Amino acid sequence: MKARIGVGIIGFGTVGTGVAKILLENAALIRRRVGVPVDLVRIADLDVTRDRGITLPAGLLTTDAKHVIHDPSVDVVVELIGGYEAAKRVILDAIAAGKHVVTANKALLALHGEELFDAAARKGVELAFEASVGGGIPVIRALTEGLAGNTIQSIYGIINGTSNYILSRMTQEGQSFEAVLKDAQQAGYAEADPTFDVAGIDSAHKLAILVSLAYGTPVNFKEIYTEGITHITATDIAYAKEFGFTIKLLGIAKLVDGEVEARVHPTMLPSGSPIAEVGGVYNAIQLVGDAVGDVVLYGRGAGSLPTGSAVVSDVIAIGRNILAGAVGRVPAASFQQDQRRPLRMKPMEEISSLYYLRFMVVDRPGVLAQIAGELGRCGISISSMLQQGRREGQTVPVVIKTHMAQERDVQTALREINRKPFISEPTALIRVEGKDE
């Protein structure tokens, strides 16, 4: 039996510091859970002089990742440098050296996960990535183990804390997107360049991983429809409240007749639903299994210690497997590698949804009839409508909520309506999750 499990970290930034802190401060607890010490033996980073606010044993730091990968005392390599090519090289080199790997790199897994899964399976080593989705929320383990006996019917997730913080503030305070984004940047909740977060790209990376695990299918990241929150206005949030809804940026996946829907976009949810009530930088993921029904996981989706907690959970799981001679007990991609099957990803134009539509129109007789007529010609039925008081000749909002309709039909109708001379700006569209009335 091994006397200890040796851990090497590559990338000593925010998350790397959290991982080191947990391994050092909770060493006695972790030893009791694993059965032997889980020792931090190497840390590689380009900057080994900056004070991270943590005291390390002498001799741990190096500027060369190879010193970690090829150290015979390192059993588990933790990749936390982020990005694509350099991180991919580190992981593949570690696998080739026979090391088990833990990573938090959702972008890399979303784009190159299949290559990494194959490499780990061929080498017979573990590849774990609990921290890649939802920070400290154990959603990966829920899918790969806790819910392994279920067909996952749907996934709804707030999986980006920055966007949720912005939408929560807009909802509570009625402020504009631009104003809240500026505050979020000053408070450290948003990056100087927030594009990955507010454009939905970060959420799409995470959704790609969840879909791959839930349905045992390779995922082409480009096939995930992705739309961000930059166009959401205080006006739309106010109208959502009138309808009894809250706007959230969701990652949504559904298994429908053997095909997978996977999309990221702002979504109106009934305000009393569990996901709608999640505020601030918190994440929440609702999984629906055919046997278990609804399961909601909630917690901090980012940060040094929450994400570090998820990384350490993977290290502990790998340590237990090493000691039990059970490496590979749970396949990295949830399904056995030779049992993964390509499923058709349903194009966005084929999905069906309820819709919120806000038309900015010049108030004059016949406008409503023309809008309703065009929607009717495309097979779209109106569920409810809100219109401000008459202001002849001025621009006013007309808000319509539809019954269930197909995306293709809605987009066709909007193209025609937006050409009308009485439309003053492109129509706002937000998809709605809920029961058709």
Of the residues TYR215, TYR225, only one is assigned by the TED database to the domain that holds ALA187, out of contact with any His (no Cβ under 8 Å at 6 or more places or on another chain) and not aliphatic (A, V, I, L, M); which? TYR215
Which of the residues belonging to segment 385-411 are closer than 16 Å to ARG431 by Cβ and of a type in the set (S, T, N, Q)? THR402, GLN406, GLN411
Conditions (1) within 18 Å of the chain's Cα centre (by Cα); (2) crowded, with 22+ Cβ neighbours inside 10 Å; (3) polar (S, T, N, Q); number of the one not met by THR246: (1)
Within segment 421-429, does at least one residue satisfy the condition of being over 25 Å from ILE232 (Cβ atoms) and assigned to a loop (DSSP other than H, G, I, E, B)? yes
Of the candidates ALA121, ALA148, the one satisfying the condition of being aliphatic (A, V, I, L, M) and either buried (at least 23 other Cβ atoms within 10 Å of the Cβ) or in the same structural domain as ILE95 (by the TED database) (or both) is ALA121
From the list GLY35, GLY16, GLY82, pick out the single residue that is surrounded by fewer than 18 Cβ atoms within 10 Å (Cβ to Cβ), closer than 23 Å to GLY134 by Cβ, in contact (Cβ under 8 Å) with a residue 60 or more places away in the chain and assigned by the TED database to the domain that holds ALA131. GLY82
Sort out which residues of segment 6-36 are under 31 Å from the mean Cα position of the chain (by Cα), more than 14 Å from PRO306 (Cα to Cα) and not in a loop (DSSP other than H, G, I, E, B), and write them in order of number. GLY6, VAL7, GLY8, ILE9, ILE10, LEU24, GLU25, ALA27, LEU29, ILE30, ARG33, VAL34
Looking for something closer than 22 Å to GLU261 by Cβ, touching a helix residue (DSSP H, G or I) at 6+ places or on another chain (Cβ under 7 Å) and not basic (Lys, Arg) - is there at least one such residue anywhere in segment 387-400? no
Tell me, yes or no, whether segment 73-80 has at least one residue that is within 17 Å of the chain's Cα centre (by Cα) and outside any helix (DSSP H, G or I). no
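The values are calculated or read from the model by the stated rules, or taken from the named source; none is laboratory data. Quick caveat, the model's predicted, so the values are computed rather than measured. Cβ sites come from the backbone with ideal geometry, for glycine too, and all protein chains shown count toward neighbours.
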